[in-house]
């Protein structure tokens with residue numbers, strides 16, 4: 001393993017098809033084939049998330065890797081690297097300016113996206129937990145990093161019960177509160193907002209992954225605004241810039 005951690009996706013490719021994942025482990029991947037592309041096309045409407053998971057599992061060549069057990073940061077990294085080694089760094093997508101409402105295409109170089117690595121490889125252990133004391137309530141939470149199977153639950157929650165998403169995301173991370181393992185979303189709904197903000201900062205400081213929020217400049221009004229890279233099924237079905 002390299003002593004100096006890579007700064008971005010391009011540097012994280014240590015050799016063709018070999019990557020240093022944000023969880024601080026080396027893994028090998030292959031590019032997508034026509035079979036995987038067909039899977040995306042046939043399932044893009046109803047089972048897009050499942051198709052992406054199946055494709056990731058097929059294209060990760062390292063033995064013993066279950067994408068549902070991967071850290072979320074490692075899964076996002078794998079998605080982005082799979083897109084890079086299959087189609088290259090150029091990613092073109094449509095977006096709309098929030099000020100002047102102009103729709104336009106934007107090209108992003110995926111290789112430039114920053115990668116954040118775990119401060120300690122031990123954090124990636126499935127049994128590893130952290131402790132945090134909420135500054136206002138004074139209660140102690142034992143929590144863990146989220147994995148692929150948790151991301152699937154978050155996707156369902158975002159679709160079916162979006163107003164509960166913040167509390168639910170904290171609940172998923174929670175192992176116990178003050179030694180009590182039977183914690184419900186009610187605890188987090190009643191948590192002071194300042195405690196929730198402090199906990200989010202704690203989580204962000206420990207998590208690994210890829211920075212997928214990018215700054216875009218509107219070609220019409222020249223306003224800069226931030227967007228999250230769209231990473232759905234269409235991310236793996238590249239488009240060419242229109243005239």
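Where a number appears in this text, it was derived from the coordinates with a stated rule and is not lab data. Since the model is a prediction, treat every value here as computed from it, not as a measurement. Neighbour counts are summed over all protein chains in view; Cβ atoms, including those assigned to glycine, are modelled from backbone coordinates with ideal geometry.
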Worksheet item: Given a cut-off of under 8 Å on Cα pairs at least six residues apart, what relative contact order in percent is computed for segment 121-207?
Response: 30 percent
Worksheet item: residue 100 to residue 128: FRET efficiency via 1/(1 + (r/R0)^6), r the Cβ-Cβ distance, R0 51 Å, to the nearest 0.05?
Response: 0.60
Worksheet, complete the sentence: Between residue 136 and residue 35, Cβ-based FRET efficiency (R0 41 Å, step 0.05) works out to 0.15
Fill in: Cα-based helix-to-principal-axis angle, 72-87 vs the chain, degrees rounded to 10
0 degrees
Response to the item:
The residues 107, 207, sorted from fewest to most surrounding Cβ atoms within 10 Å, come out as 107, 207
Worksheet item: Using the Cα gyration tensor of segment 103-161, with a ≥ b ≥ c the square roots of its eigenvalues, what is the shape: rounded (a/c below 1.5), prolate (a/b larger than b/c) or oblate (neither)?
Response: prolate
Discussion item. Can you classify segment 121-207 as rounded, prolate or oblate using the Cα gyration tensor, where a ≥ b ≥ c are the square roots of its eigenvalues, rounded means a/c under 1.5, and otherwise it's prolate if a/b beats b/c and oblate if not?
Written reply: oblate
Worksheet entry | Reported label for calculated P(r) over Cα pairs in 10 Å bins from 0, in percent given [x] 7, 30, 38, 20, 5, 0, 0; [y] 7, 30, 34, 20, 8, 1; [z] 7, 27, 33, 24, 9, 1, 0 | [z]
